[in-house]
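Read through the structure below, which is laid out as structure tokens, and then see the notes.
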Amino acid sequence: MGSVVIKLGRIFSEIYEEGPDGVPEFRAFIDGSWTRSSDGTTFDLRTPIDGSVIARVQRCNESDLERAVRAAKENQRKIRSLAAIDRIEIMEEVARIVRNHAEDFARTITLEMGRAISESPGEVRAVAERLRLAMEDSRKVSGEYIPGDWSPDTVGKVAIVLREPVGVVGAIGPFNYPLFIPSAKVIPAILGANSVVVKPSSSTPISMLLMARAFQLAGLPEGVLNVVTGPGYLGSLLAAHKDVGMISFTGSTEVGREVARHGVGKMLHLELGGKAYAIVLDDADLKLSAAKCVEGAFRNAGQRCDAVSAVLVQESVADEFVEEVMKHVAEWRLGDPRDPSTKMGPLVNEQAAERVNGLVRDAVEKGSVLLHGGERERAYHQPTVLDRVPESAKILWEETFGPVIPIVRVRDEEHALQIAERSRYGLDAAVFTNNFYRMWRVAKALRVGEVTVNDYPRHGVGFFPFGGVKDSGLGREGIGYSIEEMMVIKTIVFNLEPAGLGKVRRTRTA
Ligand code: NAP
């Protein structure tokens, strides 16, 4: 389909400049300006479509980060003093800009990370929807009135409990939803009257720069939102910065631990790795289960924290289930993600595809039966199905983050639960059954943040809260939930005695 070129509408012309070789150089967004890194260095952004350089991006350094945090700190009062309804109106305006320029956003996602263009508009719509639901977030910025006379210690007093902004929120995002995930941190942070410094993934930084431009055009006060592009260590500097009150991180468990180590003493929200097991029991609707498991494993080429990354099917129905799965697999055509008929594009880079293929080879060496796919070329990994995967295979335990369905034939419900329990991850799981009591029993037994019954897990726009247990994280994200993690409680205690309203304790008789 020819060379890969980023083309954007006029509203984005301020945020980049074409270099002599025609490659656009994007600026960082600090203190309301589109700026170069202080030492003038950039890094090349390569697309997984063909490995070519599609952009140059600022390699920000410690002093740029310092500038961004200072701007955020100094300008937080601007957002704090703005009436909350104005913050909502800004979100509405951003939603309008995102919708009007949806193609620019969707194409950028596809070029940056290789997601099929048939899927990328869904992420853009999700952002617009997230913005539309801002009012739901704002309902959580309320407090409580607590009468004190229920305790002898506080008789005569009342308290009002307020939710206040933490100040500066540091948001660190992964590559796999480059527009939605950082936006889902920025939106509640700003609604809660915080200012924000975002460090997007250096594999996919441009989507967030476009989003910052939308906020700028929507009239967000200068310095309230800052986007610092550059290597991973900027995330740790952000987490360690004394003027950052809260870190909202989404990414791998390993990097999340590093962020937590640097962010000691701060409010932390960690959305980390996942390994969603789909348990298919012998009374399940097998057609439905197979269709859902395939879609749940292959959407976004499996690069989802909530992807179905192993199916534990009861052996008595396994043959029929596998047959149903194979009916769907051929639909997932791998190819150039810019072609609207492509269902699956490349992974984010060649190393990612090689890592996934290493897991497939390991599973086959240990006795799994390869039913479909199994190969990779450059960053493109074939949609792959493995049957009779043994428990010794690494793919059963490690996060796959690629388009593979490993199928394990289990004896019974208990066997499936034992496997799920052994996992270090606890983000999502699915159970397919038509028996209410088994549904309930399995859902209660699984140690995960979210169990989906008769569908594949998907966090979507975040209308339902989600988050991890075990090594999958800390805290809950979602509409109305993220904002609670970005606010601190302040209690104001009133002594009502001077008003003559103090309560009197009864006199005790012996
Ligand atoms: P990653 O490698 O952990 O990177 C995440 C972010 O951390 C990037 O911005 C990265 O910057 C930055 N970073 C790298 N090294 C750092 C350091 N030493 N200190 C602070 N920040 C650092 O994750 P990814 O590969 O982009 O994303 C995939 C992972 O995210 C998977 O594990 C997936 O399960 C997880 N995820 C979880 C959820 C959830 O809701 N739980 C949702 C989506 C994704 P650079 O890119 O510049 O290195």
Query - Sole residue being touching a Pro at 6+ places or on another chain (Cβ under 8 Å) and either on the phi < 0 side of the Ramachandran plot or open to solvent by less than 20 Å² (accessible area, probe 1.4 Å) (or both), chosen from Glu89, Glu112 - result: Glu112
Query raised in the report: Checking Ile206 against (1) more than 20 Å from Asn61 (Cα to Cα); (2) open to solvent by less than 20 Å² (accessible area, probe 1.4 Å); (3) in contact with a helix residue (DSSP H, G or I) (Cβ under 8 Å, 6 or more places away or on another chain), which test does it fail?
Result: (1)
Report summary line: Filtering the stretch 181-203 down to residues that are closer than 28 Å to Lys7 by Cβ and either more than 14 Å from the chain's Cα centre (by Cα) or surrounded by fewer than 24 Cβ atoms within 10 Å (Cβ to Cβ) (or both) yields Ser202, Ser203
Query raised in the report: Of the residues that make up the stretch 123-137, is at least one under 22 Å from Gly223 (Cβ atoms) and small (Gly, Ala, Ser)?
Result: yes
Requested in this report: Would you mind finding the one in Leu347, Leu312 that is open to solvent by less than 10 Å² (accessible area, probe 1.4 Å) and assigned to a loop (DSSP other than H, G, I, E, B)?
Outcome: Leu347
Query raised in the report: Can we say Asn434 is open to solvent by 90 Å² or more (accessible area, probe 1.4 Å) and of a type outside the set (Lys, Arg)?
Result: yes
Query raised in the report: Does Ala318 fit the bill of being outside any loop (DSSP other than H, G, I, E, B) and buried (at least 23 other Cβ atoms within 10 Å of the Cβ)?
Result: no
Report summary line: Subset of the stretch 122-141, residues free of Cβ contacts under 8 Å to residues at least 40 places away in the same chain and open to solvent by 60 Å² or more (accessible area, probe 1.4 Å), comes to Arg125
Query raised in the report: When you look at Lys366, is it surrounded by fewer than 19 Cβ atoms within 10 Å (Cβ to Cβ) and under 26 Å from the mean Cα position of the chain (by Cα), yes or no?
Result: no
Report summary line: Taking the stretch 440-459 and keeping only residues that are within 14 Å of the ligand (Cβ to nearest atom) and open to solvent by 50 Å² or more (accessible area, probe 1.4 Å), one is left with Arg458
Query raised in the report: Given the structure, is Asp339 more than 16 Å from the ligand (Cβ to nearest atom), open to solvent by 10 Å² or more (accessible area, probe 1.4 Å), over 14 Å from Pro383 (Cα atoms) and out of contact with any strand residue (DSSP E or B) (no Cβ under 9 Å at 6 or more places or on another chain)?
Result: yes
Query raised in the report: Could you give every pair whose Cβ atoms fall below 9 Å, whose first residue belongs to the stretch 331-360 and is more than 12 Å from Gly302 (Cβ to Cβ), and whose second residue is modelled with pLDDT under 95 and open to solvent by less than 40 Å² (accessible area, probe 1.4 Å), counting only separations of at least 6 or pairs across chains?
Result: Arg338/Val4
Report task. Go through the stretch 97-109 residue by residue and tally those that are assigned to a helix (DSSP H, G or I) and open to solvent by 40 Å² or more (accessible area, probe 1.4 Å). Result -> 4
Query raised in the report: In the stretch 131-151, is there at least one residue being closer than 26 Å to Ala71 by Cβ and polar (S, T, N, Q)?
Result: yes
Query raised in the report: Restricting attention to the stretch 69-88, does a residue exist that is among the hydroxyl-bearing types (Ser, Thr, Tyr), farther than 15 Å from Ala214 by Cα and in contact with a strand residue (DSSP E or B) (Cβ under 8 Å, 6 or more places away or on another chain)?
Result: no
Query raised in the report: Does the stretch 406-422 contain any residue that is within 27 Å of Gln303 (Cβ to Cβ), within 16 Å of the ligand (Cβ to nearest atom) and either open to solvent by less than 60 Å² (accessible area, probe 1.4 Å) or not hydrophobic (A, V, I, L, M, F, W, C) (or both)?
Result: no
Query - Gly219 being more than 18 Å from Asn61 (Cβ to Cβ) and either of a type outside the set (D, E, K, R) or open to solvent by 10 Å² or more (accessible area, probe 1.4 Å) (or both) - result: yes
Requested in this report: Determine whether the stretch 486-493 contains at least one residue that is free of Cβ contacts under 8 Å to residues at least 24 places away in the same chain and not hydroxyl-bearing (Ser, Thr, Tyr).
Outcome: no
Report task. Report, by residue number, each residue of the stretch 471-510 that is open to solvent by 60 Å² or more (accessible area, probe 1.4 Å) and part of a strand (DSSP E or B). Result -> Leu474, Ile489, Lys490, Thr491, Ile492, Val493, Phe494, Asn495
Query - Count of the stretch 273-309 residues which are open to solvent by less than 30 Å² (accessible area, probe 1.4 Å), in a loop (DSSP other than H, G, I, E, B) and over 21 Å from Ile117 (Cα atoms) - result: 5
Query raised in the report: How about the stretch 177-266: which helices (runs of 4 or more DSSP H) wholly inside it have at least 2 residues that are within 10 Å of the ligand (Cβ to nearest atom)?
Result: 180-191, 233-240, 253-262
Requested in this report: Kindly indicate whether Gly170 is of a type in the set (Gly, Ala, Ser) and open to solvent by less than 40 Å² (accessible area, probe 1.4 Å).
Outcome: yes
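The values are calculated or read from the model by the stated rules, or taken from the named source; none is laboratory data. Only a predicted model underlies this, so the values are computations on that prediction, with no experimental measurement involved. Virtual Cβ from ideal backbone geometry, glycine too; neighbours counted across all protein chains shown. Accessible surface is based on the protein model in full, side chains and every heavy atom, while ligands, DNA and RNA are left aside. Shrake-Rupley method; radii C 1.70, N 1.55, O 1.52, S 1.80 Å.
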